[in-house]
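Participant: One structure, as structure tokens, below. Some questions next.
The values are calculated or read from the model by the stated rules, or taken from the named source; none is laboratory data. This structure is a prediction, so every number in the text was calculated from the model and none was measured. Using ideal geometry, Cβ is built from the backbone for each residue, glycine included, and neighbour counts are taken over all protein chains shown. Side chains are part of the model used for accessible areas, which takes the heavy atoms of the whole protein and leaves out ligands, DNA and RNA. Shrake-Rupley method; radii C 1.70, N 1.55, O 1.52, S 1.80 Å.
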Amino acid sequence: MSAPLDLEFNGDRPQAAAPARSGPDPEDLLAGLNPQQREAVTHSGSPLLVVAGAGSGKTRVLTSRIAYLLAGGVHPGQIMAITFTNKAAAEMKERVVDLVGRRANMMWVSTFHSMCVRVLRREAKTLGLSSNFSIYDADDSKRLIGMIAREQELDSKRYPPKQLGIHISNLKNELLTPEEAAERAGNDMERKVAQVYAAYRRRLVDSNAMDFDDLIMRTVELLQNHPAVAEYYRRRFRHVLVDEYQDTNHAQYVLVRELVGTETAESGVAPAELCVVGDADQSIYAFRGATIRNIEEFERDYPQARSIPLEQNYRSTQTILSAANAVIRQNPNRRDKRLWSESGEGERIVGYVADNEHDEAAFVANEIDSLVDRGEATFNDIAVFYRTNNQSRVFEEVFIRLGLPYRVVGGVRFYERREVRDALAYLRVLDNPDDTVSLRRILNVPKRGIGDRAEAVVAVHAEQERISFGAALREAAKGEVPALATRARNAISGFVELLDELHAVAAANDVAETLDTVLERTGYRGELEASDDPQDATRLENLTELITVAREFTEATAAAPEPADEGSPSDAAPDAASADAGDPGVEDRDADLPADDSLSAFLERVSLVADADSLPESGDGVVTLMTLHSAKGLEFPVVFSGGWEDGVFPHNRALGDTTELAEERRLAYVCITRARQRLYLSRAMMRSAWGQPMTNPASRFLTELPEELMDWRRVEPADRAAPQVRSTWGSRGGGADRTGADSAQARVAERGMRSTSAKGWKDTIALKLEAGDKVTHDKYGLGTVVSTEGEGARATATIDFGASGTVKLMLIGSVPMAKL
DNA sequence: CTTTCACTACTTTTT
DNA sequence: GTAGTGAAAG
């Protein structure tokens with residue numbers, strides 16, 4: 001198989017029948033579908049929930065369903081399909097085009113966010129907004145919140161901008177206004193959050209900007225407060241499809257509901273047909289506000305709803321599926337679902353217990369090497385997953401040493417790099433002079449003698465005069481701000497002149513040309529070129545890359561000029577199911593671009609495309625390294641996953657919280673179900689964390705795997721598995737059966753978890769230590785506790801073992817150590 | 001205003 | 001181990 005990275009390609013593989021290319025015959029579209037898939041494709045008349053287990057061919061169902069609708073006479077302009085990633089959207093569109101031809105381009109297939117931007121730009125007038133608003137990502141948003149927090153003189157230790165940002169984001173995801181947040185605030189933090197939120201929202205409007213959460217929330221407000229607009233969209237979109245429904249948050253849930261409309265809608269527009277696809281077991285973004293409730297209670301939300309489970313898996317061996325089922329079964333309150341496969345038992349799952357993370361990586365690397373040597377896999381077929389990005393380093397080290405080709409997905413992404421953001425900030429200021437965050441970002445980058453002091457003076461002036469920061473800056477340049485030192489004033493004058501000059505350049509040139517001039521005239525490029533820091537060379541490359549991106553964008557836009565959109569509901573008659581039904585041969589290319597302004601369009605594109613390039617194209621001949629989160633939606637013939645240790649995976653922060661633990665377990669489920677033929681799970685007994693060595697017990701998820709599915713290549717050495725336990729958390733038996741011992745320990749841990757509040761930890765599991773205590777450890781000998789950190793499941797102690805060094809140890813589970 | 005040095009604080013992150 | 005911040009010195 002040459003395409004391990006194709007998104008959810010599953011359903012196609014065993015059923016090789018090529019889809020009909022022309023004149024889609026509904027029957028052809030159903031060929032090769034199993035009965036459940038077929039039903040999901042053809043169902044009509046009520047809302048539909050497709051519960052799509054991993055690898056069950058959900059993308060195929062979605063695309064076939066769209067094609068089936070089109071074959072049945074639905075106009076493409078009446079279809080809206082929503083995904084979470086641009087990649088998924090692009091793929092869905094491409095596959096529908098394959099099935100029904102180019103008229104599929106008239107559908108709206110986009111992410112939640114692009115879809116909202118498209119609506120908001122079109123309806124900007126209605127909202128009293130300018131349609132070239134900037135889109136703030138998490139970083140911009142954090143900066144703005146930071147500015148506000150500083151102005152409000154909040155202690156940045158007690159109220160870190162990041163924390164405030166998370167809270168505000170959560171409020172927006174719940175569609176709560178600052179006023180509502182203030183009413184509900186029950187503690188100090190919440191009151192401060194509400195206060196900052198209010199200012200933040202004002203400042204976003206002043207900056208003519210929206211953050212990601214606003215895009216959704218504002219669209220919801222638009223639809224709720226402007227019935228004519230809502231009716232327009234409801235008339236237009238008669239079919240709404242939502243992918244990855246388990247990842248929707250409350251705001252997105254309401255958005256979908258508003259788009260679809262209800263029976264009781266006064267306008268008399270019948271609700272659109274809704275089809276959502278998701279798998280509660282693959283919800284791994286609850287920490288971003290996603291709520292499984294939306295999928296779990298779909299039938300309650302839509303009483304007429306039909307629910308169709310897809311349980312046949314076309315991806316993995318039965319062994320892999322049994323393992324996945326066994327793990328996910330441990331989650332409470334879940335609707336049982338059993339994946340099954342016709343592709344046979346396959347290989348057992350290989351388990352490996354390494355002494356430390358280096359040994360673990362070496363095992364993985366050697367195994368990859370021999371698999372490829374034996375011709376059982378190509379590098380392309382292989383992926384290595386880990387819980388957190390920093391785990392990639394040790395794998396990279398070994399891979400480099402052994403000369404294995406690899407590619408790391410994720411980490412610091414292209415559009416998050418400082419130099420890229422700086423460059424884009426210049427463009428944003430040129431596009432939207434009110435964009436305060438971008439303006440203040442580049443104010444003194446590269447250094448031009450406008451320091452914090454001067455910036456603060458200008459900010460205060462802006463506040464006093466109730467003008468934008470940009471306007472205040474111009475007044476400062478003209479000497480109208482007396483508090484400003486002459487030096488600073490001159491520096492600001494120079495900067496304003498520079499901006500004016502660049503503005504003229506932007507007006508007369510394309511984006512790539514403008515960008516190039518910006519880098520030249522600001523001295524940004526010169527500074528990097530003059531530097532001897534090797535990092536700066538990389539930065540230059542990234543900027544060159546950004547110019548290339550801009551050039552390609554311009555060319556693509558020029559090649560496919562924007563046809564005028566069909567206008568906004570404000571000026572078009574709302575009798576519009578047929579509004580764009582004319583000329584079915586014309587492509588609806590306005591997809592994500594405002595027609596007029598290529599700079600705005602470019603900025604929108606880069607704001608909403610996370611990084612489409614981060615996933616390597618297949619055929620590179622490289623092993624792919626990524627986090628478990630990035631792995632969702634992908635599949636590989638061979639999967640390695642390391643760090644299966646309590647404290648690493650499940651992550652430390654999740655150990656004490658059943659909700660978070662359930663999410664970690666879903667992550668384990670996602671991990672296992674990525675593998676098609678072979679799966680390797682490993683753990684290390686000792687691992688350096690934050691520069692300090694740390695011992696970790698086996699992941700409880702490992703112990704949930706049925707023994708008969710496992711092929712343990714190496715287990716915990718006997719001398720360490722049979723400790724003389726003399727402490728309060730109970731004995732561990734003889735340790736003859738090592739994995740058995742592990743599961744005993746996991747069970748103890750689990751039990752302790754549930755009794756946290758009732759009984760506390762004291763004598764059940766954790767070793768209770770405090771600084772100054774003397775301990776004896778089976779391996780390190782005598783030691784003195786230097787400090788302790790965390791509570792309950794998170795409890796660790798830093799212990800000085802003298803000659804054996806200082807070690808940080810977890811106190812939960814089977815610590816081969818006792819207090820003296 | 002800029003540089004430097006020490007201090008801290010660390011998940012995951014589709015848009 | 002490192003990146004990002006904050007205070008003090010240049």
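Participant: Please report, to two decimal places, log10 I(q)/I(0) for segment A:252-369 at q = 0.11, 0.18, 0.20, 0.23 Å⁻¹ as given by the Debye formula with identical point scatterers on the Cα atoms and no solvent.
Facilitator: With one equal scatterer per Cα and no solvent, log10 I(q)/I(0) is -0.61, -1.09, -1.18, -1.30.
Participant: For segment A:135-242, place one equal point scatterer on every Cα, skip the solvent, and apply the Debye formula. What is log10 of I(q)/I(0) at q = 0.14 Å⁻¹?
Facilitator: Debye intensities relative to I(0), on a log10 scale: -0.59.
Participant: With charges only on Cβ, +1 for K and R and -1 for D and E, what is the dipole size of segment A:406-463 about its Cα centre, in debye, rounded to 20?
Facilitator: Using only the charged Cβ atoms, the result is roughly 380 debye.
Participant: With an 8 Å Cα cut-off and a minimum separation of 6 or more residues, compute the relative contact order for segment A:653-705 in percent.
Facilitator: 22
Participant: Further question: Would you please put A:126-136, A:708-718, A:301-311 in order of how densely packed they are, using the mean number of other Cβ atoms within 10 angstrom per residue and starting with the highest?
Facilitator: In descending order of packing, they fall as A:126-136, A:301-311, A:708-718.
Participant: I would also like to ask the following. Given a 1.4 Å probe and heavy atoms of the protein chains only, how would you sort A:ASP359, A:ASP452, A:ASP140, largest accessible area at the top?
Facilitator: A:ASP452, A:ASP359, A:ASP140
Participant: Counting only residues 5 or more places away or on other chains, whose amide H sits under 5 Å from the amide H of A:THR248 once H atoms are built in the peptide plane?
Facilitator: Distant-sequence amide H within range of A:THR248: A:THR291.
Participant: Turning to a different aspect of this structure: Report the rotationally averaged projected area of segment A:395-475 based on its alpha-carbon convex hull, in square nanometres.
Facilitator: Computing the convex hull of the Cα atoms and averaging its projections yields 7.9 nm².
Participant: Using a 1.4 angstrom probe on heavy atoms only, work out the carbon and sulfur share of the accessible area of segment A:36-81 in %.
Facilitator: 42
Participant: Another question about this same structure. So, by mean Cβ neighbours within 10 angstrom, what's the order for A:492-503, A:70-81, A:52-63 with the highest one leading?
Facilitator: Averaged packing, sorted descending, gives the order A:52-63, A:70-81, A:492-503.
Participant: Arrange the peptides A:664-677, A:208-221, A:329-342, A:141-154 so that the one whose residues have, on average, the most other Cβ atoms within 10 Å appears first.
Facilitator: A:664-677, A:208-221, A:141-154, A:329-342
Participant: Using modelled backbone amide H atoms (1.01 Å from N, in-plane), which distant-in-sequence or interchain residues come within less than 5 Å of A:LEU241's amide H?
Facilitator: Amide H neighbours of A:LEU241: A:MET80, A:ALA81, A:ILE82, A:CYS275.
Participant: Taking the Cα atoms of segment A:344-455, report the difference between the largest and smallest coordinate on each principal axis, in whole Å and largest first.
Facilitator: 65, 32, 24 Å, listed from the longest principal axis down.
Participant: Under a 5 Å amide H to amide H cut-off, with H placed in plane at 1.01 Å, what residues pair with A:MET694 once short-range neighbours are removed?
Facilitator: Those lying under 5 Å, H to H, from A:MET694 are A:ARG687, A:SER688, A:ALA689.
Participant: Based on the alpha-carbon set only, what is the convex hull volume of segment A:416-522 divided per residue, in Å³?
Facilitator: Dividing the Cα hull volume of segment A:416-522 by its residue count gives 93 Å³.
Participant: Here is a follow-up. Let me understand segment A:657-715 better: what is its radius of gyration from the alpha carbons, and its Dmax, in angstrom?
Facilitator: Looking at segment A:657-715, its Cα Rg and Dmax stand at 13.5, 37 Å.
Participant: Using θ = phi - 60° and the Karplus relation 6.51 cos²θ - 1.76 cosθ + 1.60, list the HN-Hα couplings for segment A:399-413 in order, rounded to whole Hz, with x at every Gly or Pro.
Facilitator: 4, 5, 4, 8, x, 7, x, 8, 9, 9, 9, x, x, 6, 8
Participant: What per residue convex hull volume, in Å³, do the alpha-carbon atoms of segment A:73-165 yield?
Facilitator: 126
Participant: Okay, next question. Extent of segment A:475-541 along each principal axis, from alpha carbon coordinates, in Å, largest to smallest?
Facilitator: 42, 33, 11
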